[in-house]
Amino acid sequence: MKTAIYPGSFDPLTNGHVDIIERSLKLFDHVIVSILHNSAKSTLFSLDERISLIKEVFKGNSRLSVETFDGLLVNFAKSKQIFSVMRGLRAASDFEYEFQLAAMNRRLCPDLETVFLMTGKDTFFLSSRLVKEVALLGGEVSSMVPKVVEIALKNKSGKNK
Ligand code: ADP
C-alpha cells in the first residue's frame, strides 16, 4: 500500500487543503494528514479542534487518517517508515520556501521525497492565515472552507447566530 504524509498547520483546514488531499488520494492509497504541533506557535484552533475538523470533513473515508507530530518532519516520517511527503504549491513565494524545505529534508533524510501538487484554479488564493483574517472580521468565507470549518470560524468570532 502506498501511503503519503501531508504535513501542515491546518489552522484551519481550507478548500485549498481539501483539494490537495483529494488529489493526493488519486496518487496514493492512503494519506496521513499530519498536523504539526508547535507549542511555541499560537494558533486560533487547538490541536484537538484541528483534528476533529479534518476528521469531520473526511468522515467515512477510510483512506485518510489524521495524526499529529512535533519536532522534525523527517523524524516523524522515519518513525512511520513513510517517505513520501505531499505539499501544495501556490504562488512563487511558496516555491522559494518549499524548495528550501524539500532540499533540507532530503539532506536530513535522503530517502524522503517531497511530491508537489500545483494549487487548483479555485483555491490558489487561499491560505489559512487570510481566511482567518477575513472570517474574524466578519467576511464571507463559505466558498473557501468546508461548512464545518465555516461554522467553527463563526463560533470563534462570536458571530454565530
Ligand atoms: P497555510 O500555508 O495555508 O497556513 P499549512 O501550513 O497548513 O497552510 O499548509 C500545508 C500545506 O498545504 C503546504 O504545503 C501549503 O503550501 C499547502 N497549501 C495550503 N493552502 C493551499 C492552497 N490554497 N493551495 C495549494 N496548497 C496549499
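Annotation for the range 140-147: at least one member residue is without any contact (Cβ under 8 Å) to a residue 40 or more places away in the chain and under 28 Å from F95 (Cα atoms).
Taking every residue in the range 110-121 that is polar (S, T, N, Q) and pairing it with any residue that is open to solvent by less than 40 Å² (accessible area, probe 1.4 Å) and in a strand (DSSP E or B), at least 6 positions away or on another chain, the pairs with Cβ-Cβ distances below 9 Å are T114/S84; T114/V85; T114/M86; T119/G88; T119/L89.
Residues in the range 82-91: is at least one open to solvent by 20 Å² or more (accessible area, probe 1.4 Å), within 13 Å of the ligand (Cβ to nearest atom) and modelled with pLDDT under 95? Looking through the range 82-91, at least one residue is open to solvent by 20 Å² or more (accessible area, probe 1.4 Å), within 13 Å of the ligand (Cβ to nearest atom) and modelled with pLDDT under 95. Checking each residue in the range 94-112 for being of a type in the set (S, T, N, Q) and either under 15 Å from I5 (Cα atoms) or within 10 Å of the ligand (Cβ to nearest atom) (or both) picks out only N105.
For the range 143-156, a residue qualifies if it is within 18 Å of the chain's Cα centre (by Cα) and either surrounded by fewer than 17 Cβ atoms within 10 Å (Cβ to Cβ) or more than 12 Å from G16 (Cβ to Cβ) (or both), and the qualifying residues are S143, K147, V148, E150, A152, L153. Tell me whether the range 98-106 contains one or more residues that are exposed (fewer than 14 other Cβ atoms within 10 Å of the Cβ), among the aromatic types (F, W, Y), more than 21 Å from V18 (Cα to Cα) and over 16 Å from the mean Cα position of the chain (by Cα). Among the residues of the range 98-106, at least one is exposed (fewer than 14 other Cβ atoms within 10 Å of the Cβ), among the aromatic types (F, W, Y), more than 21 Å from V18 (Cα to Cα) and over 16 Å from the mean Cα position of the chain (by Cα), which makes the answer yes. V115 satisfies every condition listed in (1) more than 16 Å from the ligand (Cβ to nearest atom); (2) part of a strand (DSSP E or B) except (1).
Determine whether the range 63-70 contains at least one residue that is within 20 Å of M118 (Cα to Cα) and in contact (Cβ under 8 Å) with a residue 24 or more places away in the chain. Within the range 63-70 (the criterion being within 20 Å of M118 (Cα to Cα) and in contact (Cβ under 8 Å) with a residue 24 or more places away in the chain), the answer is no, since none of the residues qualifies. Considered as a group, the residues in the range 1-17 that are closer than 21 Å to L153 by Cα and open to solvent by 20 Å² or more (accessible area, probe 1.4 Å) include one that is farthest from the ligand (Cβ to nearest atom), and that residue is N15. Filtering the range 59-81 to residues that are among the aliphatic types (A, V, I, L, M) and open to solvent by 60 Å² or more (accessible area, probe 1.4 Å) leaves only L72. Of all residues in the range 129-137, none are in contact (Cβ under 8 Å) with a residue 40 or more places away in the chain and open to solvent by 80 Å² or more (accessible area, probe 1.4 Å).
Only one residue in E49, E56 is open to solvent by 70 Å² or more (accessible area, probe 1.4 Å) and in a helix (DSSP H, G or I). Which one? Matching residue, one of E49, E56: E56.
The values are calculated or read from the model by the stated rules, or taken from the named source; none is laboratory data. As the structure is a prediction and not an experimental result, all values here were calculated from the model. Methodologically, a virtual Cβ is constructed for each residue, glycine included, from the backbone with ideal geometry; neighbour enumeration extends over all protein chains shown. Calculation scope for accessible area: heavy atoms of the full protein, side chains included, ligands and nucleic acids excluded. Shrake-Rupley method; radii C 1.70, N 1.55, O 1.52, S 1.80 Å.
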